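S.K.: This is the structure, below, for whatever I ask next.
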Amino acid sequence: MVERPSINLRGNPQGKPATRRSGYHRQLVIMVKEPVAGRVKTRLGRDIGVSAATSFYRHTLRAVTSRLSCDPRWQTVLSVAPAPAVASVCLPAHIARSPQTGHDLGDRMQAIFARPQPGPVVIIGTDIPAVTPTHIAQAFQALGRHDVVFGPATDGGFWLVGMRRIPRVFEAFRNVRWSTADTLRDCLDGLERHRVASVATVATLSDADEAGDLLALGHVIGRHVLPKAA
């Protein structure tokens, strides 16, 4: 049954772990791409130009990672694509990194959840300009009572997914129609087939894939892609 309440690992650029600060690990994994023109925000690039789209991605990458990685309530790791870019100087130097593995988005996220480190894991991307630490804290709070949590996106997908990973890691991304209005629904249907005990949702936010999305997000993007106070 799906319930819907209303509701650092710190290291160097090579990903060497810092000293463990507590026995309880909450991990926030931010999936990022090396911000190279023509490889990021390609749909947005068709609307506003490759240069402008790349600039937008770089600003959101910097803003989102700096806003979330300094919070002591979780450890932050960048999951980087392509894998060789794990050493890129274009990515924040103060956050630990690991390479993405897998053939598609579902494989890559499933691989992150399957890592052996103990504790709940929340995964997000970098193209949600309005995300704040409050949203991430709500997701981890939901995992105290539920097996899986999603942050729905206004286009039918999701901007956040998290798993408690106890008693097991669920297969959440089989037969998913990615980049469609059915993406989240497909994930929820798959989890129901696996008899997941409960799934929570947190705030619905908007990503920025097209020029119209930028207009709709103008009140939170601003000059430096920062949101209003959380």
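S.K.: Going by C-beta contacts inside 10 Å, put His146, His59, His94 in order with the fewest on the left. Write down the numbers at each step before the final one.
M.R.: Working: His146 22, His59 19, His94 14.
Fewest-to-most ranking of His146, His59, His94: His94, His59, His146.
S.K.: Which Cα, out of Asn175, Ala216, Thr65, lies furthest along the positive dipole direction of region 27-216 (beta carbon charges, K/R +1, D/E -1)?
M.R.: The listed residue farthest towards the positive side: Thr65.
S.K.: Quickly rank 134-141, 116-123 as a protection proxy: mean count of other C-beta atoms within 10 Å, highest first.
M.R.: Values: 134-141: 19.9, 116-123: 17.5.
Answer by packing, highest mean first, reads 134-141, 116-123.
S.K.: Moving on to the next point. In nanometres, what is the gap between the two model label sites at Ala93 and Glu210, each 7 Å from Cα along Cα-to-Cβ?
M.R.: 4.0
S.K.: Further question on the same structure: Charges on Cβ only, +1 for Lys and Arg, -1 for Asp and Glu, centred on the Cα centroid of region 27-216; of Gln75, Ile112, Met31, which one is farthest towards the dipole's positive end?
M.R.: Gln75
S.K.: Follow-up question, since we're still on this one. For labels at Ala52 and Ala83 in the simple 7 Å Cα→Cβ model, what's the distance in nm?
M.R.: In this crude spin-label approximation the distance works out to 3.7 nm.
S.K.: Quick check for me: using +1 on Lys/Arg Cβ and -1 on Asp/Glu Cβ, what's the dipole size of region 27-216 about its Cα centre, in debye to the nearest 20?
M.R.: On the way: 21 positive and 17 negative charges, 115 e Å.
Here the size comes out at about 560 debye.
S.K.: Under the classification rounded if a/c is under 1.5, otherwise prolate if a/b is larger than b/c and oblate if not, where does region 60-176 fall, given a ≥ b ≥ c as square roots of the Cα gyration tensor eigenvalues? Don't skip to the end; give the middle numbers.
M.R.: Values: a/c = 1.39, a/b = 1.17, b/c = 1.19.
Taking the square roots of the gyration eigenvalues as a ≥ b ≥ c, region 60-176 is rounded.
S.K.: Continuing with this model, one more query. Give, as a single signed number, the net charge of other residues whose beta carbon lies under 11 Å from the beta carbon of Leu184, with Lys and Arg counted +1 and Asp and Glu -1. Walk me through the intermediate numbers first.
M.R.: Numbers: positive: Arg177, Arg185; negative: Asp155, Asp182, Asp186, Asp189.
Charge balance near Leu184 sits at -2.
S.K.: Once the piece of chain linking Asp104 and His25 is laid out straight, how much longer is it, given 0.36 nm per residue of separation minus the C-alpha distance between them?
M.R.: Values: separation 79, 0.36 × 79 = 28.44 nm, distance 2.67 nm.
Answer, rounded to one decimal: 25.8 nm.
Every read-out reported here was derived from the displayed coordinates using simple, explicitly stated rules and does not represent laboratory data. All values reported here derive from a predicted model rather than from experimental measurement. Every residue, glycine as well, gets a Cβ built from its backbone with ideal geometry; the counts of neighbours run over all protein chains shown.
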